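**Q** Following this message is one structure expressed as structure tokens.
FYI, it's all coordinate maths here, none of it is from the lab. Note that the structure is a prediction, hence the values are computed from the model and not measured. Cβ sites come from the backbone with ideal geometry, for glycine too, and all protein chains shown count toward neighbours.
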């Protein structure tokens, strides 16, 4: 397992050459990638959201495309369109930018709901249907979407169904002063993005994706996951709790984080670390809680404090 895990270590170190002082965020992105999930990056402009997605694609040697969502964008601008070929007298499918392995969707909340919905099938089913014909998307496939949490004018908030399709919601945040000085020095002559190359092959990545599925999760940890998600459905401050998809997401991301930590079993701490990133966008804060300026992340943190951590054996004695 150590030989397989070192691949992720090389990937994290390569990304740190470009994204300074954000190792935890980078690890969350790798967790999402290994779980074959999608990531919503919610932060202000200029903190490195686009660079992070581009650097990930380059580090993997994967194809990359960028979609800048605008209100006048059509679903066909995402999925592609069938064009009539006069020479063959047949319709030919011209793939859209969604047909890449790493897809950056910039300002996803600026497109109309109809265009946003064009992403749903691609994100969930890994396929696109145009004119009744289904086209499979490449593997690996990940959508990294961004949205600005400050400026809401001219935006279309993502519906709960689409938010639930994102495995994780993360925030980059501003760098520290020392890290910002390093950024100035690193980009004085050339952007470090131009200096990085591929460090992981497609075969290695797909192998890791299969390995994390075998990470052992004990019965107490499984019950802990279900208890946390159940508490979101019973909390008075939440109008809507997390769905079973949230439980599955917490289960998978716990396995991936344990893998990154070099373990073949999941600890309750892995689940606690992942819960704010996995659950906060899957719940709806109630009106009274909003008046008290309670955020979904804060409520999830309170639930984590109140739900007892299970005891017991977390390793699989059969595999020891």
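**Q** Sorted by packing (mean other beta-carbon atoms within 10 Å per residue), highest first, where do 292-302, 188-198, 23-33 land?
**A** Ranking the peptides 292-302, 188-198, 23-33 by packing returns 23-33, 292-302, 188-198.
**Q** Right, something else. Describe numerically, in nm with one decimal, the distance between label points set 7 Å from Cα along Cα→Cβ at residue 84 and at residue 261.
**A** According to this spin-label approximation, the distance is 6.1 nm.
**Q** Just one of (i) 19.8; (ii) 18.9; (iii) 26.0 is mean projected area of the Cα convex hull in nm² calculated from these coordinates, so which is it?
**A** This structure yields the entry labelled (i).
**Q** What ranking, highest mean first, results for peptides 158-171, 122-135, 246-259 when packing means the other Cβ atoms within 10 Å averaged over each residue?
**A** Working: 158-171: 19.0, 122-135: 14.3, 246-259: 24.0.
Most protected by this proxy first, the peptides run 246-259, 158-171, 122-135.
**Q** How much length, in nm to one decimal, is gained on full extension between residue 76 and residue 181, taken as 0.36 nm per residue of separation minus their Cα-Cα distance?
**A** 33.5 nm
**Q** Quick one: helix 177-186 against the long Cα principal axis of the chain, what's the angle to the nearest 10°, folded into 0 to 90?
**A** Taking Cα atoms only, the helix is inclined about 40 degrees.
**Q** Also, I was wondering about something else. Extending each Cα 7 Å along its Cβ direction at residue 93 and residue 293, get the distance between those two points in nm, one decimal.
**A** About 5.1 nm, to one decimal.
**Q** Below 8 Å between Cα atoms, with a sequence gap of 6+, how large is the relative contact order for region 215-306 in percent?
**A** Computed over region 215-306, the figure is 34 percent.
**Q** Right, another one. I need to check one value: relative contact order of the chain, counting alpha carbon pairs closer than 8 Å and at least 6 residues apart, in percent.
**A** With pairs under 8 Å counted, the relative contact order is 21 percent.
**Q** In nm, give the distance between the simple-model label positions of residue 202 and residue 63, each being 7 Å from the Cα along the Cα-to-Cβ direction.
**A** With each label point 7 Å from Cα toward Cβ, the separation is 0.9 nm.
**Q** For region 172-286, what does the alpha-carbon gyration tensor say about shape, rounded, prolate or oblate, given a ≥ b ≥ c as the root eigenvalues, a/c under 1.5 as rounded, and a/b over b/c as prolate?
**A** Cα axes put region 172-286 in the oblate bin.
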